[in-house]
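Chemist: This structure is in structure tokens; I'll ask about it shortly.
The values are calculated or read from the model by the stated rules, or taken from the named source; none is laboratory data. The structure presented is a predicted model; accordingly, all values stated were derived computationally and were not measured. Because the Cβ atoms are built from the backbone with ideal geometry, glycine has one as well, and the counts that use them run over all protein chains shown.
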Amino acid sequence: MSVVTLKDVHKIYPMGKQFVEAVKGVSFQIEKGEFAAISGPSGSGKSTLLNMIGLIDVPSDGEINIGGTNVYEGVNLKEDSNILKTAIPAKLDKRITALRRSHIGFIFQTFNLIPVLNVYENIEFPLMLESKNPASKSPVDDFSKAQKRICEIGRKGEELVEEWINYLIEKVGLSDWKKHKANELSGGQRQRVAIARALVTKAPVILADEPTANLDSKNSEQILSLMKSLNNDKDLQTTFIFSTHDSRIVDMCDHVIHILDGLVVKDEHKVGSDVYKVGK
């Protein structure tokens, strides 16, 4: 089942009096449970693609489907592109916000933790936003089987949330650090917090923009191993999509989309040691 589909997606940026087409008619799809990478050199358009999938940036043309929803349905992106640069229509903005909260977790290069909050509070923060917007239909209550059984015997919702956050803290190996502030953590530990925060809403898709860029080799290997184990966790069933030029990430992925000059030059699906080319 496809969780992300792009069809003939373009992105054009104004550069003074000229225009630069950063993404040139890209099409691909990511299936549920994949460990996927959008790979290419600097300036190839991979980060732009990830930002459009994450609904941080708006395409200039084409179709993006997230979790079965055509994000820009009813919008003529080509004709309305100037309007979308300044103000997104309220109805579309509401749809984008709901999809971003319910379907997407984002791991940033620079971690983006809140310095005054501790590990537990940083991970909890997206849930605090959800509580202020109950109409967003986030799958935060879609707990693992064990948590559902606890729910059936009458534990309070607050206790379930606390247990879920503590479960994630344990999964990322920070149980002894959960009361420490973000500025007391190493780079590797901050990235672990960022991963747990991305997972806390049970978003089915996690996007990671160069997640090893600010880490040394040892921490990079640990973080990649952690994300692969989370991808393999049957309770989480999380799809990971990376924007990267790191060969270690590319080697670990079962689906690699190679980008060059805004175009898909190769779309690879790997099975074991075999690589199957799909399209161009």
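Chemist: How many of the residues in the range 31-54 are under 20 Å from R248 (Cα atoms) and among the aliphatic types (A, V, I, L, M)?
Modeler: So the count comes out to 4.
Chemist: Could you list, in sequence order, all residues of the range 108-124 that are out of contact with any Leu (no Cβ under 7 Å at 6 or more places or on another chain) and at negative phi?
Modeler: Within the range 108-124, F108, Q109, T110, L113, I114, P115, V116, L117, N118, Y120, E121, E124 qualify.
Chemist: For the range 172-188, name all the residues that are assigned to a helix (DSSP H, G or I), more than 25 Å from G33 (Cα to Cα) and not aromatic (F, W, Y).
Modeler: Within the range 172-188, S175, D176, A182, N183, E184, G187 meet the criteria.
Chemist: For the range 232-251, enumerate the residues that are over 15 Å from I104 (Cα atoms) and surrounded by fewer than 19 Cβ atoms within 10 Å (Cβ to Cβ).
Modeler: N232, D233, K234, D235, H245, D246, S247, R248, V250, D251 - these are the residues of the range 232-251 that are over 15 Å from I104 (Cα atoms) and surrounded by fewer than 19 Cβ atoms within 10 Å (Cβ to Cβ).
Conditions (1) in contact with a Lys or Arg (Cβ under 9 Å, 6 or more places away or on another chain); (2) among the small types (G, A, S), marked per residue:
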| residue | (1), (2) |
| --- | --- |
| P14 | yes, no |
| S27 | yes, yes |
| I38 | yes, no |
| S44 | no, yes |
| L50 | no, no |
| G54 | yes, yes |
| D57 | yes, no |
| S60 | yes, yes |
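Chemist: Further question: Just to be sure before I move on: is V256 at pLDDT 85 or above, over 15 Å from the mean Cα position of the chain (by Cα) and buried (at least 21 other Cβ atoms within 10 Å of the Cβ) in the structure I sent?
Modeler: Yes: the conditions hold for V256.
Chemist: While we're here: Can you give me the number of residues within the range 5-21 that are touching a Gly at 6+ places or on another chain (Cβ under 8 Å) and either buried (at least 20 other Cβ atoms within 10 Å of the Cβ) or without any contact (Cβ under 8 Å) to a residue 12 or more places away in the chain (or both)?
Modeler: 3
Chemist: For the range 189-231, which positions are over 17 Å from P115 (Cβ atoms) and assigned to a loop (DSSP other than H, G, I, E, B)?
Modeler: Answer for the range 189-231, where residues must be over 17 Å from P115 (Cβ atoms) and assigned to a loop (DSSP other than H, G, I, E, B): V200, T201, K202, A203, P204, E210, P211, T212, A213, L215, D216.
Chemist: OK, next. Determine whether F28 is modelled with pLDDT of 90 or more and farther than 30 Å from L174 by Cβ.
Modeler: yes
Chemist: How many of the residues making up the range 44-71 are surrounded by fewer than 17 Cβ atoms within 10 Å (Cβ to Cβ) and in a helix (DSSP H, G or I)?
Modeler: Total satisfying the criteria: 0.
Chemist: Still on this structure, I have one more. For E268, state whether it is out of contact with any helix residue (DSSP H, G or I) (no Cβ under 6 Å at 6 or more places or on another chain), more than 15 Å from L113 (Cβ to Cβ) and free of Cβ contacts under 8 Å to residues at least 24 places away in the same chain.
Modeler: yes
Chemist: Can I ask one more? Can you tell me which of K94, K148, K132 is at pLDDT 85 or above and of a type in the set (K, R)?
Modeler: K94
Chemist: Out of everything in the range 188-231 that is closer than 23 Å to N51 by Cα and small (G, A, S), what residue ends up being surrounded by the fewest Cβ atoms within 10 Å (Cβ to Cβ)?
Modeler: It comes out as A213.
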